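The values are calculated or read from the model by the stated rules, or taken from the named source; none is laboratory data. Quick caveat, the model's predicted, so the values are computed rather than measured. Using ideal geometry, Cβ is built from the backbone for each residue, glycine included, and neighbour counts are taken over all protein chains shown. We work out accessible area using only protein heavy atoms, side chains counted, and drop any ligands, DNA or RNA first. Shrake-Rupley method; radii C 1.70, N 1.55, O 1.52, S 1.80 Å.
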Amino acid sequence: MNCYKYIISGYVQGVCYRSSAQHTARKLSISGYAKNLPNGDVEVVACGAEADIEEFEKWLWDGPIIADVIDIIKEPIEDKGFCGFVTY
């Protein structure tokens, strides 16, 4: 299983980015979480099959229609055994 942490920058808070990420992750059988950061970014951790992660990563760049993603920082992480995908 592949796990990555993403820091998504841009207009990504207050636009349903986290709940949309949760919906998309669940469709792709990805586990992890999405949470707002104090600086206005969103942190996403995603664990799953490589093909599903690649599709999810493409979605992270688009996000919900009102979002405006400027940058994404991606970092591989250790699998923490997440069960499902939650938002904070």
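For the structure I just gave you, tell me whether ALA25 is crowded, with 20+ Cβ neighbours inside 10 Å, of a type outside the set (D, E, K, R) and farther than 13 Å from CYS3 by Cβ. Can you show your working first?
Values: crowded, with 20+ Cβ neighbours inside 10 Å: yes; of a type outside the set (D, E, K, R): yes; farther than 13 Å from CYS3 by Cβ: no.
Criteria not met by ALA25.
Need pairs with beta-carbon distance below 6 Å; first residue surrounded by 11 or more Cβ atoms within 10 Å (Cβ to Cβ) and within segment 65-76, second among the acidic types (Asp, Glu) and not in a strand (DSSP E or B); sequence gap 6+ or separate chains.
Matching pairs, first to second residue: none at all.
Against the definition (among the charged types (D, E, K, R) and under 13 Å from the mean Cα position of the chain (by Cα)), how does ASP68 come out, yes or no?
Details: among the charged types (D, E, K, R): yes; under 13 Å from the mean Cα position of the chain (by Cα): no.
For ASP68, the condition - among the charged types (D, E, K, R) and under 13 Å from the mean Cα position of the chain (by Cα) - is not met.
This table checks each residue for (1) over 9 Å from the mean Cα position of the chain (by Cα); (2) surrounded by fewer than 20 Cβ atoms within 10 Å (Cβ to Cβ).
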position: ILE30; (1), (2): yes, no
position: ASN36; (1), (2): yes, yes
position: GLU43; (1), (2): no, yes
position: ALA51; (1), (2): yes, yes
position: GLU54; (1), (2): yes, yes
position: TRP61; (1), (2): yes, yes
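From the list CYS83, CYS16, which one is at positive phi and either open to solvent by 60 Å² or more (accessible area, probe 1.4 Å) or more than 11 Å from the chain's Cα centre (by Cα) (or both)?
On the way: CYS83 fails: at positive phi.
Unique residue meeting the criteria: CYS16.
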